[in-house]
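Remarks on the structure that follows.
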Amino acid sequence: MKKVLLCLIGIFLFSNLFSQDSLTGNYWTDGTAYNIPKKRWELGLFTLSRYGISDKIEISAHPLMFFLMPQVKVKLGWGEHAGFRLATEHELFYPTLFMNLVATKGTGGLISSEFTIPQMFAVYNRFLVSFRPFEKAILTAHAGIAFSVKFGPLDPRTTIDLPVIYPRLAVFYTQPEIDAGIDFRGHFVPRIGWLFNVENFFVCGTPQNYFLENKGVLAYTSKKESLRIEAGYKLCFGKYPAGPQWHLLPVIDLILGIGR
């Protein structure tokens with residue numbers, strides 16, 4: 001049972017921050033400065049699920065992973081100015097439960113069982129600006145900064161040197177962490193969309209200070225915007241403690257849309 005649980009956690013982490021691309025009604029717009037409509041639900045199998053509190057405020061979390069690795073994000077829309085849509089994201093991330101779970105001996109152990117992970121959390125703040133270079137596409141640039149708070153010492157030997165995971169936990173070992181990137185999405189034809197995303201992570205105060213993730217996605221959306229199937233790749237580069245490494249990972253998701 002524990003191996004199955006760790007496998008599901010790994011799939012979630014590798015698919016995390018997976019952005020959508022439909023432009024109709026501002027649906028599937030995670031990763032852009034557009035908010036989903038009020039009372040709209042988008043429930044992801046592996047990604048964060050979203051709910052529109054109002055047309056300018058949305059909240060995101062993962063219903064299953066919330067009990068092992070709570071991650072809550074709020075996006076605030078600040079309107080459109082001179083053709084540019086503006087938004088900010090504010091996120092709270094608590095990895096202690098997950099890291100203690102994988103601090104075990106034998107298969108499935110990602111951290112030595114000799115270590116105890118202290119209570120800790122990270123706060124992320126990000127600014128997003130989007131505009132439409134043509135009718136059926138959105139180009140978004142974003143930049144943000146993260147800080148962490150720890151209630152006890154964290155041994156540097158507890159790092160999880162895996163793609164996607166390492167850059168998101170690096171802020172707990174040295175800080176601050178800065179991220180910046182672009183997101184370009186649109187439609188080939190109705191119901192068939194695409195996404196190209198590049199994200200850079202800069203970790204201050206360490207030689208292992210740069211990570212890159214490039215994501216390419218094709219997506220099918222049902223006619224009533226109630227179902228979305230996405231598949232593609234994630235290419236990762238990182239300066240890990242063992243040296244620079246490249247990884248190519250598959251990404252897939254199924255998302256249900258409920259409401260407007």
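Positive-end ranking of Met99, Pro153, Thr116 along the dipole of the chain, with charges on Cβ about the Cα centre, is headed by Met99. In a reduced charge model with +1 at each Lys and Arg Cβ and -1 at each Asp and Glu Cβ, region 159-251 shows a dipole moment near 440 debye about its Cα centre. Taking other C-beta atoms within 10 Å as the exposure proxy, Val164, Val123 rank Val123, Val164 from fewest upward. Dividing the C-alpha radius of gyration of the chain by 2.2 N^0.38 Å, with N its residue count, gives 1.00. For the chain, find the longest principal axis of its Cα atoms and tell me its angle to the long axis of helix 2-15, 0 to 90°, nearest 10. Result, in degrees: 50.
Residues Thr158, Thr88, Thr29, Thr221 in ascending order of nearby Cβ atoms (within 10 Å, fewest first): Thr88, Thr158, Thr221, Thr29.
Its Cα centre serving as origin, the chain has a Cβ charge dipole (Lys and Arg +1, Asp and Glu -1) of approximately 580 debye.
Above 21 angstrom, tally the Cα pairs of region 137-236 and express them as a % of all pairs, no decimals. Cα-Cα pairs in region 137-236 separated by more than 21 Å: 47 percent.
Expressed as a fraction of 2.2 N^0.38 Å, the value expected for a compact globular protein of N residues, the C-alpha radius of gyration of region 54-97 is 1.48.
Estimated purely from DSSP H runs of n ≥ 4, each contributing -39500 (n - 2.57), the mean residue ellipticity at 222 nm for the chain is -2500 deg cm²/dmol once divided by its residues.
Neighbour counts of C-beta atoms inside 10 Å place Glu89, Glu42 in the sequence Glu89, Glu42, starting with the fewest.
Since every read-out is calculated from the coordinates, none of them should be taken as a lab result. Because the structure is a prediction, the values reported are computed rather than measured. Neighbour counts run over all protein chains shown; Cβ positions are idealised from the backbone, glycine included.
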